[in-house]
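Engineer: One structure is given below, represented as structure tokens, and several questions about it will come after.
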Amino acid sequence: MVQLRPRVSRTPASASAMVDEGQPASEEEAEHGLLLGQPSSGAAAEPLQDDEEGDSEFDEDEAPEELTFASAQAEAREEERRVRETVRRDKALLKEKRKRREELFIEQKKRKLLPDTVLEKLTTAPQTTIKKSPGKLKEVILQKKNEECEKGSDSKKTKEKVQKVQSVGHNKSYLAVRLKDQDLRDSRQEAAKAFIQNCLYGPGTNRTTVNKFLSLDNKRLPVKKAAAQFLNNAWGKIQLLALIILYTKCYFVRRW
Amino acid sequence: MLAVGWGWLTDARPSPVASQLKSFWFCRRHQPHRRCRSLRMGEFKVHRVRFFNYVPSGIRCVAYNNQSNRLAVSRTDGTVEIYNLSANYFQEKFFPGHESRATEALCWAKGQRLFSAGLNGEIIEYDLQALNIKYAMDAFGGPIWSMAASPSGSQLLAGCEDGSVKLFQITPDKIQFERNFDRQKSRILSLSWRPSGTHIAAGSIDYISVFDVKSGSAIHKMLVDRQYMGVSKRKCIIWGVAFLSDGTVISVDSAGKVQFWDSATGTLVKNHLVANADVQSIAVSDQEDSFVVGTAEGTVFHFQLVSVTSNSSEKQWVRTKPFQHHTHDVRAVAHSPTALISGGTDTHLVIRPLMEKVEVKNYDAALRKITFPHRRLISCSKKKQLLLFQFAHHLELWQLGSTVATGKNGDTLPLSKDADHLLHLKTKGPENIICSCISPCGSWIAYSTASRFFLYRLSYERDNISLQRVSKMPAFLRSALQILFSEDSAKLFVASNQGSLHIIRLLEGSFKHLHTFQPQSGTVESMCLLAVSPDGNWLAASGTSAGVHVYNVKNLKLHCTVPAYNFPVTALAIAPSTNNLVIAHSDQQVFEYSIPDKQYTEWSRTIQKQGFHHLWLQRDTPITHISFHLKRPMHILLHDAYMFCIIDKSLPLPNDKTLLYNPLPPKNESDVIRRRTAHAFKISKIYKPLLFMDLLDERTLVAVERPLDDIIAQLPPPIKKKKFGT
């Protein structure tokens, strides 16, 4: 007569796991435990002392488990709930992370900006001390001797203005520039100017230089002359002095 | 050439010697403008100055006002000038320019109100009495490309960069935004109201839209061919549209076409190809029987509505007259009842009266070309021989050259010391300089912009120059129209655009406000011209309409007022010892008024009775400066752009039969004949075009010339013209 030893479940589930949590560590353990009729208490509940290596041989011969609909449904619901929980937790974690990063950025920005007191003082300062753009400061240019006098007084003035702002308490020298929508307006104005320049003088327009224009007259006169060319570099090309003397003498004597 | 004494003549046939010397002089003309040539003319050495690099800005818009016969002209640097066409085309008012104000459209509205709009997106109204800007209102549509006032004058339409057409209501003190019309795809470059006020034509890029004013919606969209009978890559820009009362819309575009459209059906009726380049402007007369278009080649075409045959009632538009008075683009045209007005990049303002419209065919019907300014841009310090040149954004100070050589009549003298460019003073801020002055002693320089007044103390000794700014100038001095220093350089007289006259005492490095003369009779009338007597007692100030006021500087009271004359004053000066006030008006009349006696002088009455010579009255440029000779109280030196004249009050006056420009008779003629042909007006046309002429001391004259070629050389490039054989 073969004595059937009481079967031990492959994964011994602790009694506390069964009792404390609503859901055991894994569904299958529960099934196993229930089906195999593992007693929850009593002597037989104690796991066998023997080694469990021998169990694997017997597991292959086991009949497939039978699952009731209710249990399967419950299982599925549990699964769903768990997934939802994990997703929610993940989202919450991400949100937390983002919030923390935002705060960090704001703080960094705040650190970069001037302290509020400085800003207040700047905005309430009189109009004359605020300049539109630093480029327009250097307006008075003296080309000839002794510019120090004027520059001296001028720089003193700007220093004065800068000092006014500096007195607010900032160490480095800077210039307060107030932008009143100037950027947008200027860019549109520039675009408009570029458009008209392109229409009138851009590629495709049939323009000629003033040089050639003035030369046309010279070439149509009964006594043909050379083309007019300008000595002044800014006006046109440089020309030999001799040619000018030779040809303009006749030209202007005629005119006068 | 000039003889010893006071016989002046024109060089009809220069002698061979003179031409040789002259040609030598002329070949140096094209060198950098630092040469000053001296020419001995009998008693005088004349400094011929050609280093004033004056280039006026091109004309962008022109608007004609029928009621007052005035023309508003706006230039590319933002300056707006008002010309009084009935006062001999004199520029009576101007508004200084601004760097950011690129005006694109100018129009008159009801009640003599002037509006302009530009690429900075603002609509600006000008105050014609106080000569400043009333307000600038942002249209919030981006840069404004076109503006048109309704035929009734109570509404204003602005075409913007974003394709919107905005309607504004003109209220008594401001303008108010009413509504937007349907927004179009591309920028609105030209606008025109139908005379009945019901429709609007708006020209854009490649198409023209016709709007209904009441609903604001676009009724028709007429597509314009890019090129006449062809395909072109360049977009067709509709530079101008005009709406006639019968529903015809005339458009001019960048392909050189003038097209007639029917606005009821939105179809093309007639096509005229007038140029190879852009046709940039159009203006229709009030009677709608003629219109004028301006092209980029400088040609202005006149179109007229003529009947098909002599007795049929059917009419058609025919291109009748071409006028070639410009060398560069003609960007603005206007049509007055009797004349065609055009202006463009070549900076001339050309007024061409139409012969069939002019009633009296006299000299008034001749072509008028306004090239040179009607105000003085140069001031001179006689003691130190310094010249101060006023530009739009900077001032230049030059020291005249000197020579030790002597020569005879007509010689060109070599310079021992060249003219020196001492100072280049740039103004702060984007505004243009309105007026400037240097004191006679050469130690003070003052100039004014629309918002600030600058006074500098200059010290120049032995090649050492230093400039110091006098700070904290009072605010009431800004926007001055005229600045003048007294002869001893102790007082500064400033005429502001509010009509008041300020006297400032100058101390070493600082100033003290002495007195302000408020405008008479409560009206705000800007004082345009000032003159101070050499002894410092009298100050004369002329306004635009009232007579010339003479103030006693010692008592700080109004002394008298010269009776008003219906033409504006162009120049004013007080003679040294006699304290006679000499006034030149825009119709070329010259009056002499004795200040101590408070009446016109005998000489003035005589010449008024006899009348000026007809050639004198037919000159078309105004007299801009009058000066006197210290030792000869009978002489008055005055000049305009093309001549300078010394009036000798001791000699008999010329009547209409005598020769005004009398040449010097040949030397073998007797003295008797010479004396018989001599008369009071000694005119010389040697130096032209003259911008300034003055007596530096008893033996020296300075003449600042500006040859037209030098201006043309610095203009933007013109359209290429292909001529046969070149």
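Engineer: Just one of B:Ala255, B:Ala296, B:Ala277, B:Ala242 is under 27 Å from A:Asn206 (Cβ atoms) and modelled with pLDDT of 95 or more; which is it? Can you show your working first?
Structural biologist: Numbers: B:Ala255 fails: modelled with pLDDT of 95 or more; B:Ala296 fails: modelled with pLDDT of 95 or more; B:Ala277 fails: modelled with pLDDT of 95 or more.
Going through B:Ala255, B:Ala296, B:Ala277, B:Ala242 in turn, just one is under 27 Å from A:Asn206 (Cβ atoms) and modelled with pLDDT of 95 or more: B:Ala242.
Engineer: Moving to a separate point now. Taking the conditions exactly as written (over 25 Å from B:Arg70 (Cα atoms), aromatic (Phe, Trp, Tyr) and surrounded by 14 or more Cβ atoms within 10 Å (Cβ to Cβ)), does B:Phe493 satisfy them or not? Reasoning before the result, please.
Structural biologist: Details: over 25 Å from B:Arg70 (Cα atoms): yes; aromatic (Phe, Trp, Tyr): yes; surrounded by 14 or more Cβ atoms within 10 Å (Cβ to Cβ): yes.
Against the criterion (over 25 Å from B:Arg70 (Cα atoms), aromatic (Phe, Trp, Tyr) and surrounded by 14 or more Cβ atoms within 10 Å (Cβ to Cβ)), B:Phe493 qualifies.
Engineer: Does B:Ile465 satisfy being buried (at least 23 other Cβ atoms within 10 Å of the Cβ), within 14 Å of another protein chain (Cβ to nearest Cβ) and in a strand (DSSP E or B)?
Structural biologist: no
Engineer: Something else about it: Return a yes/no flag: does segment B:163-171 have any residue that is crowded, with 17+ Cβ neighbours inside 10 Å, at positive phi and touching a residue at least 40 places away in the same chain (Cβ under 8 Å). It would help to see each step written out before you state the result.
Structural biologist: So in segment B:163-171, the residues crowded, with 17+ Cβ neighbours inside 10 Å come out as B:163-168, B:170.
Keeping just the survivors that are at positive phi gives B:163.
Then keep just the ones that are touching a residue at least 40 places away in the same chain (Cβ under 8 Å); that gives B:163.
Yes, because at least one residue in segment B:163-171 is crowded, with 17+ Cβ neighbours inside 10 Å, at positive phi and touching a residue at least 40 places away in the same chain (Cβ under 8 Å).
Engineer: Would you mind finding the one in B:Gln390, B:Gln385 that is more than 14 Å from chain A (Cβ to nearest Cβ), in contact with a Lys or Arg (Cβ under 9 Å, 6 or more places away or on another chain) and modelled with pLDDT of 85 or more?
Structural biologist: Working: B:Gln385 fails: in contact with a Lys or Arg (Cβ under 9 Å, 6 or more places away or on another chain).
Of B:Gln390, B:Gln385, the one residue that is more than 14 Å from chain A (Cβ to nearest Cβ), in contact with a Lys or Arg (Cβ under 9 Å, 6 or more places away or on another chain) and modelled with pLDDT of 85 or more is B:Gln390.
Engineer: If a residue has to be of a type in the set (Val, Ile, Thr), closer than 23 Å to B:Ala149 by Cα and more than 32 Å from the chain's Cα centre (by Cα) to count, how many in segment B:243-273 make the cut?
Structural biologist: 2
Engineer: Across segment B:94-104, what is the total count of residues that are among the hydrophobic types (A, V, I, L, M, F, W, C) and surrounded by fewer than 24 Cβ atoms within 10 Å (Cβ to Cβ)?
Structural biologist: Of the residues in segment B:94-104, the ones among the hydrophobic types (A, V, I, L, M, F, W, C) are B:94-95, B:102.
Narrowing the set further to residues that are surrounded by fewer than 24 Cβ atoms within 10 Å (Cβ to Cβ) leaves B:94, B:102.
Looking only at that region, the number is 2.
Engineer: If you don't mind, another one. Would you kindly identify the strands (runs of 3 or more DSSP E) lying entirely within segment B:1-86 that contain at least 1 residues that are modelled with pLDDT of 80 or more and out of contact with any Gly (no Cβ under 7 Å at 6 or more places or on another chain)? Step through it out loud before you land on a result.
Structural biologist: Numbers: elements: B:36-41, B:44-49, B:59-65, B:70-75, B:80-84.
Where strands (runs of 3 or more DSSP E) fall fully within segment B:1-86 and carry at least 1 residues being modelled with pLDDT of 80 or more and out of contact with any Gly (no Cβ under 7 Å at 6 or more places or on another chain), they are B:44-49, B:59-65, B:70-75, B:80-84.
Engineer: Do we have B:Ile133 as of a type outside the set (Asp, Glu) and within 33 Å of the chain's Cα centre (by Cα) here?
Structural biologist: Taking the combined requirement at face value, the residue satisfies it.
Engineer: Being surrounded by 15 or more Cβ atoms within 10 Å (Cβ to Cβ) and acidic (Asp, Glu) is the filter; apply it to segment B:690-708 and report the residue that is farthest from B:Phe44 (Cα to Cα).
Structural biologist: As a first pass, look at segment B:690-708 and keep what is surrounded by 15 or more Cβ atoms within 10 Å (Cβ to Cβ): B:690-696, B:700-706.
So of that shortlist, the ones also acidic (Asp, Glu) come out as B:694, B:705.
Details: B:Asp694: 12, B:Glu705: 17 Å.
The qualifying residue farthest from B:Phe44 (Cα to Cα) is B:Glu705.
Engineer: Additional query: For residues that are surrounded by 14 or more Cβ atoms within 10 Å (Cβ to Cβ) and facing chain B (nearest Cβ under 8 Å), scanning just segment A:220-232, find the one that is modelled with the lowest pLDDT.
Structural biologist: As a first pass, look at segment A:220-232 and keep what is surrounded by 14 or more Cβ atoms within 10 Å (Cβ to Cβ): A:225-232.
Now narrow it down to the ones that are facing chain B (nearest Cβ under 8 Å): A:230-232.
Numbers: A:Phe230: 66, A:Leu231: 66, A:Asn232: 63.
Filtering first and then ranking leaves A:Asn232.
Engineer: Can you find even one residue in segment B:470-492 that is touching a helix residue (DSSP H, G or I) at 6+ places or on another chain (Cβ under 7 Å) and away from chain A (no Cβ under 14 Å)?
Structural biologist: Residues of segment B:470-492 that are touching a helix residue (DSSP H, G or I) at 6+ places or on another chain (Cβ under 7 Å), as a first pass: none.
Checked against the condition, which is being touching a helix residue (DSSP H, G or I) at 6+ places or on another chain (Cβ under 7 Å) and away from chain A (no Cβ under 14 Å), segment B:470-492 yields no hits at all.
Engineer: Please work out if B:Gln91 is surrounded by fewer than 22 Cβ atoms within 10 Å (Cβ to Cβ) and either part of a strand (DSSP E or B) or β-branched (Val, Ile, Thr) (or both). Let's see the steps before the verdict.
Structural biologist: Numbers: surrounded by fewer than 22 Cβ atoms within 10 Å (Cβ to Cβ): yes; either part of a strand (DSSP E or B) or β-branched (Val, Ile, Thr) (or both): yes.
So B:Gln91 fits the description; yes.
Engineer: Tell me yes or no: at least one residue of segment B:666-688 is at pLDDT 90 or above, in a loop (DSSP other than H, G, I, E, B) and within 19 Å of B:Ile370 (Cβ to Cβ).
Structural biologist: Checked against the condition, which is being at pLDDT 90 or above, in a loop (DSSP other than H, G, I, E, B) and within 19 Å of B:Ile370 (Cβ to Cβ), segment B:666-688 yields no hits at all.
Engineer: Here is a further query. If I go through segment B:386-411 residue by residue, how many of them are of a type in the set (Asp, Glu) and not in a strand (DSSP E or B)? Outline the logic, then answer.
Structural biologist: Looking only at segment B:386-411, we keep the residues that are of a type in the set (Asp, Glu), and these are B:396, B:411.
Still in the running and not in a strand (DSSP E or B): none.
The qualifying residues number 0.
The values are calculated or read from the model by the stated rules, or taken from the named source; none is laboratory data. Since we're looking at a predicted model, the values are computed, not measured. A quick note on method: Cβ atoms are made from the backbone with ideal geometry, for glycine too, and the neighbour counts reach across all protein chains shown.
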